[in-house]
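For reference, the structure is listed below as structure tokens.
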Amino acid sequence: MNLPLHKITSILNAEYFGNTSDAIIENISIDSRSLQNGPQTLFFALVGRNNDAHLYIKDLIAKGVHSFVVTYIPEGLEGKANFLIVENTLNALQQIAAYYRKLFAFPVIGLTGSNGKTIVKEWLNFLLSPDYNIIRSPKSYNSQVGVPLSVLGINEHHNLGVFEAGISTIAEMEKLEKIIQPTIGILTNIGSAHDEGFANLEEKIKEKMLLFNYAEVVIYQKNNDVEQFISSKTKTISWSFTDTTATVFVSKKEHTHEQTLIQYTYEGNISTLKIPFVDDASVENVISCLLVLLYLEYDAKTIQSRIELLYPIEMRLKVKKGINNCSLIDDSYSSDFQSLKIALDFLESQKQHQKKTVVLSDIFQSGLSNEVLYSKVSELIVSNKICRFIGIGETISTLKTKLPNAVFFKDTNEFLLYLDQLNFENETILIKGARSFQFEEIVAALAEKTHETVLEINLNAISHNFNFFKSKLKVNTKMMAMVKAFGYGSGGFEIAKLLEHHKVDYLGVAFADEGISLKMAGIKLPIMVLNPENTSFPAIIQHQLEPEIYSLKGLNAFLKIAEHKKLKDFPIHIKLDTGMHRLGFEANTIDDLIATLKGNQTVKVKSILSHLATSDDLQHKNFVQYQINLFEKLSSKLMNELQITPILHILNTSGISNFPQAQYDMVRLGIGLYGVSNDSEEQRHLENVGTLKSIISQIRTIQSGESVGYGRRFMANRESRIATIPIGYADGIARSWGNGIGFVTIKNKKAPILGSVCMDMLMVDVTEIACKEGDAVVIFGESPTVNYIAEKLHTIPYEILTSISQRVKRVFYRE
Ligand SMILES: *Cc1c(COP(=O)(O)O)cnc(C)c1O
């Protein structure tokens, strides 16, 4: 964009304080951490339940940002920058986007629905890109914030827009409609579930349809529930498998293992279409795309030739372990300018090493001339402090003059030839390229070779769960995140890094070595060690960890070492036993504790804590109250007699949910962060974090009467297809999960585990599932959930999560 600040002031009806109102704004930002913020940026200080971006303005001014949309001018910053004061900064962001959208008159496709929005958007982009300069929402930017940011990316060279809109409750779509202003509307699969946030399915559909109020045409699967909300003035193009009155009637569906053949009737003509997918959801999504192509008057031949090339969409930026201790960010499926900006921000937030490297292909469809485009790219590379830049392709080599230290290759093959000489080592490498460059080969060459079983960790879900619990607390309550046992099996360093990003106050680990490896990996947050052994005290001191002290013996041992090292005010945490009877000072030892600490300058009591035994079980709420009362009494005594004001904390995850009145100064969040609650209502608000995945190694057919596995514990009573999965009890899958008790999920269907789980493998029944060797298998995640497995195996989710062996690689990703 390119608008003078005074123009924006008047569009927003803002109050202006500043002295450069003719400054030109080229870029809108809401992310204080982005290295792309600069003098031409207008920063919108959004205010959320847990986060107030006004707090970052001072830093941003220091980094060269001059212009801010705010609800107030933070103290001491008057006259230091341009401030546009508005009532609500999110509304203002939406307002400017709606204004900006109106400046462009080309067709805009607006998508909504419960499933498939992002895939249909990406596929339409692929199908239409030979003929249009398309601006589309990056990734799944479909929220109240994501949509305005997407629309603000339009420039004068675009001639088609594809934007998705996602809502979670009523009154949201109306706002998104004003920003997207779609001319072509698409409703993707609406789903039958009634989502939270809507009273019922009808309300959900009605709300989503508001996106199409002013559209010229609406494309959807024919259905009365939907049609009642389409205005009679709007043209419709519907499709159906059953209703011959639909605009496009799909009459025949045949599957092979690789593709689906459909026959469709449109305007009296019957055509066939080969779809390169077999699952129902993909077929429906392709049909949505087909209708758009028909509306835009493509002929059947062109449609077939383009749809044939559709590919599964990888919508997420995956972080993988690379060779020579590198970390890879795999974004090998797209290379447009918008998504490059997002990927660079992600690289910054994730950087696991000092050194940042970018491997980038030619960029297509920017709508800009190569000259302008690549100057912008070089500015991004410079402002993001990329240490090493590798360009692959014909046009990107124009960067040669702008980035003197960069290396260029004419294609992927040439790069792979030189790979060994590039000496990748201890760096974070963003690999981002258009699909035609087949950068997946680069990812494969640079990735650490592992077996196919991985535990995928959704970092967004951890953020979501963190914010969910934070929103339950008072604004000033601090949070300690428990990352003991390798982050409950989910990964230590990567999660600690993310939590640092979220400004968590403390980390908690069980043993000193866990804390040491976090510190060595560069984590700066204070780390409390719950169960320090006396032998680890020197290492605790050396690495600036903070021990929990739970006995006089431990205290004296620590003091001896600390005094010897002449330490002053070294932070320690005092654990009280109020009824858990695991670790801690009991009531009758408090006087001795006070006597030892009184006047002591070597250590400083940073916090006093206790742990609840029954916070998850309301039947025992009297016992919890007893523990809280005792904690209150003992901690008050310590504070009075020692004249200290430490942080007090007693709540774990279920404590936060059930006894928020006892949140004191801090809470210790554990399992909830990893997406598990013991309360089914609360569980619905949490997002699944870990998905344990594998693949099918082999499939065979056995006859009725034949058996599977050790001890012949499964006997087939019909002809059965058996799939072998390379994961077993050595990976942490309980043997008791076999023999028909447990199941895995393949192609969204349940495949029961047959016979006993072996050490490295298990076998499942896929007789009813269309699948082939190499297909993905979910061991746990959305289904079965960890909670479900725990219940069936008569244990708790904690045990399931922490049992997954370290030989299972963890892969981290963001939506
Ligand atoms: C593990 C642990 C927690 C976190 O418990 P969750 O139930 O996982 O939230 C809190 N405090 C202490 C002392 C712990 O050991």
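Worth a mention:
- Note on the stretch 172-270: enclosed strands (runs of 3 or more DSSP E) holding 3 or more residues that are in contact (Cβ under 8 Å) with a residue 60 or more places away in the chain and assigned by TED's automatic domain parsing to the domain that holds residue 295 are 184-187, 217-221.
- Every residue from the stretch 617-666 that is within 27 Å of residue 570 (Cβ to Cβ), part of a helix (DSSP H, G or I) and open to solvent by less than 70 Å² (accessible area, probe 1.4 Å): 631, 634, 635, 636, 638, 639, 642
- Screening residue 522 on (1) at pLDDT 95 or above; (2) in a loop (DSSP other than H, G, I, E, B); (3) more than 16 Å from the ligand (Cβ to nearest atom) shows it passes everything except condition (1).
- Taking residues in the stretch 30-57 that are in the same structural domain as residue 152 (by TED's automatic domain parsing), and partners anywhere that are in a strand (DSSP E or B), not one pair has Cβ atoms closer than 9 Å while being at least 6 places apart or on different chains.
- When each of 474, 470 is tested for being within 16 Å of the ligand (Cβ to nearest atom), in contact (Cβ under 8 Å) with a residue 60 or more places away in the chain and open to solvent by 10 Å² or more (accessible area, probe 1.4 Å), the lone residue that passes is 470.
- Residue ID - nearest to residue 479 (Cα to Cα), chosen from residues in the stretch 668-720 that are within 16 Å of the ligand (Cβ to nearest atom), of a type in the set (Gly, Ala, Ser) and out of contact with any strand residue (DSSP E or B) (no Cβ under 9 Å at 6 or more places or on another chain): 672
- One residue alone among 510, 485, 496 is crowded, with 23+ Cβ neighbours inside 10 Å, closer than 22 Å to residue 797 by Cα and either away from the ligand (no atom under 16 Å from the Cβ) or not β-branched (Val, Ile, Thr) (or both), and that residue is 496.
- Across the stretch 791-815, the number of residues qualifying as open to solvent by less than 30 Å² (accessible area, probe 1.4 Å), in contact with a Gly (Cβ under 7 Å, 6 or more places away or on another chain) and within 13 Å of the ligand (Cβ to nearest atom) comes to 1.
- Within the stretch 727-753, the residues that satisfy the criterion of being out of contact with any strand residue (DSSP E or B) (no Cβ under 8 Å at 6 or more places or on another chain) and small (Gly, Ala, Ser) are 730, 732, 734, 736.
- The stretch 215-227: number of residues that are over 18 Å from residue 200 (Cβ atoms) and surrounded by 15 or more Cβ atoms within 10 Å (Cβ to Cβ): 7
- Scanning the stretch 526-568 for residues that are away from the ligand (no atom under 16 Å from the Cβ) and either hydroxyl-bearing (Ser, Thr, Tyr) or open to solvent by 20 Å² or more (accessible area, probe 1.4 Å) (or both) yields a count of 20.
- Here residue 614 passes the criteria (1) out of contact with any Gly (no Cβ under 8 Å at 6 or more places or on another chain); (2) closer than 20 Å to residue 572 by Cα; (3) of a type in the set (S, T, N, Q); (4) within 16 Å of the ligand (Cβ to nearest atom) except the one numbered (2).
The values are calculated or read from the model by the stated rules, or taken from the named source; none is laboratory data. For clarity, every value in this text was computed on a predicted model and none was experimentally measured. Cβ sites come from the backbone with ideal geometry, for glycine too, and all protein chains shown count toward neighbours. Side chains are part of the model used for accessible areas, which takes the heavy atoms of the whole protein and leaves out ligands, DNA and RNA. Shrake-Rupley method; radii C 1.70, N 1.55, O 1.52, S 1.80 Å.
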